[in-house]
Structure formats: structure tokens, C-alpha cells
Amino acid sequence: MDYCAIIGDIVKSRELGNRVEVQKQFVGVVEHMVNDKYKEYIASRFTVTLGDEFQGLLYGKYSYLSCEIIKFISQNMKPVKLVYGVGIGGMDIQPDYSIAIRSDGPAYHNARSMVMRAKEKKPSICFCTGSAEDELINSLIYLMEVYKDKMTPKQNQAIELYNKKKSQCAVADELKVTQGSVSRLLNNAGYYEIKYAEKNIVDFLKRKYGGHNA
């Protein structure tokens, strides 16, 4: 049986001036918010392991949710940055739902190698599914991050509002600009290209591991 392991690590955590507060926030996001929101898809609860690192395990058919969970954690930890490794494979030890650190196997080994890779170079999220498509997935993520790194504060604001309101006109009213201006902000930021790439990754994981809509 396949599982999907996710390991995340806070970037340069020892350099944070408010490290204790960040660690408390980290525990709240990972061990409470994620575990509550995705409870039915989790094989081993997401657990903070070293103060600045977490790991968790999904059932393999829900591997596609790894993208959503990573985005959820990143959004709730802003402005703190993390790197992530996602590994898919079997488990040598039967997963314990109550805590992730009691489990071990290829899924975690793959995730660990990917988080180490993410620490060394971009992208900040690396996948290892054991298939020939891995480099295509990681290349797509790299290109998405190139787009995101070039976004202006105004573009980021427009995207954040559009993701909430789902309407360019509503965003225009909020920002007191025209709908055409909002459209240009989204297009120039590569918003639709990023969404298309994200959809392709999710669709691939659904096809490969038999996932379905949550």
C-alpha cells in the first residue's frame, strides 16, 4: 500500500528573532489546524518533530492533497518560509495514526531526501513519487516559484483578494481600480499559468494513485 509522506522545515529558524513565538505558531498550524482540517485523509497525524520541522503521512490515494496542505501551511506561517519534501511509497512499519514519528519506510525516506534537496537548491517543494515524471513535477514547481518571486506587492494583493472573492469586479471595488486593471495584474503575475501548472500536478497524482475529489 502506498502512502504520501510530507516533511517540512522552517528556513533559517535559528536566525529568527522571535523563534519561540514562531515555534508555538508552527505547532498550532501543523498539529491542530492541519490535523483537524484533513483528519479523514491522514494515516499518521502531522507532528512537529524538532521544533522547526514537521512530518505527516497521508493515505496514498490522497497524495494529491499534499499540494493543498503545503499551501495551507505556508499561508498560515507567513512571513516565515519553509521548504518541503514529499515522498510517495510503502511503509516498513505500520503507520500509527496518533503520531508520525513512530512510522518509517520508503515514503519517509523519499520525503527526507527531497527536503534535503529543497534546502540545497530550488524549488522549495520537491516531490519523489518514484516515477519518471518526478523531474517534470519539480521543474513545474520551479517555474511557478520563478513567477512568484517576480510578483510585485500589488500583484500579490490582487491575487490574494481574487482567491477569496473569485471575482475581478469585487477585487476592483476593493482596490478602487478598474476591472481591466485587475485583469492586467493577474495576467502580468502569471496567475493563470501558475493555476494551470498546479492543476496538472494534482491531476497527475490523482491519476497515478487513484485519488478523487475530497
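Taking a ≥ b ≥ c as the square roots of the eigenvalues of the Cα gyration tensor, segment 1-137 is oblate, since a/c reaches 1.5 or more and a/b is not larger than b/c. The separation of segment 131-198 from segment 98-112, counted between C-alpha centres, amounts to 33 Å.
Using the rule -39500 (n - 2.57) for each DSSP H run of four or more residues, divided by the residues of the chain, the 222 nm mean residue ellipticity is -15000 deg cm²/dmol.
Kindly identify segment 66-151 as rounded, prolate or oblate by the Cα gyration tensor criterion: order the square roots of the eigenvalues as a ≥ b ≥ c, call it rounded if a/c is under 1.5, otherwise compare a/b with b/c, prolate if a/b is larger, else oblate. Oblate shape, in that a/c is at least 1.5 and b/c is the bigger or equal ratio.
Look at the alpha carbon pairs under 8 Å that are at least 6 residues apart: their mean separation over the length of the chain gives a relative contact order of 21 percent. Sorting the segments 57-64, 187-194, 14-21 by their residues' average number of neighbouring beta-carbon atoms within 10 angstrom, most packed first, yields 57-64, 187-194, 14-21. Considering only Cys67, Cys128, Cys169, the Gaussian network model of the chain with Cα springs below 10 Å gives its largest mean-square fluctuation to Cys169. In a DSSP loop and with at most 15 other Cβ atoms within 10 Å, the trypsin sites (Lys or Arg not before Pro) in segment 142-214 are Lys150, Lys166, Lys176. With axes computed from alpha carbons, what is the tilt in degrees of helix 191-209 against the longest principal axis of the chain, rounded to the nearest 10 within 0 to 90? Here the helix axis deviates by roughly 30 degrees. Along the positive direction of the dipole of the chain (beta-carbon charges: Lys, Arg +1; Asp, Glu -1; about the Cα centre), which of Val29, Gly210, Cys4 reaches farthest? So the residue furthest toward the plus end is Val29.
Throughout, read-outs are computed from the coordinates displayed, never taken from laboratory work. Predicted model only: the values in this text are computed from it and were never measured. FYI the Cβ positions are ideal-geometry reconstructions off the backbone, even for glycines, and counts take in every protein chain you see.
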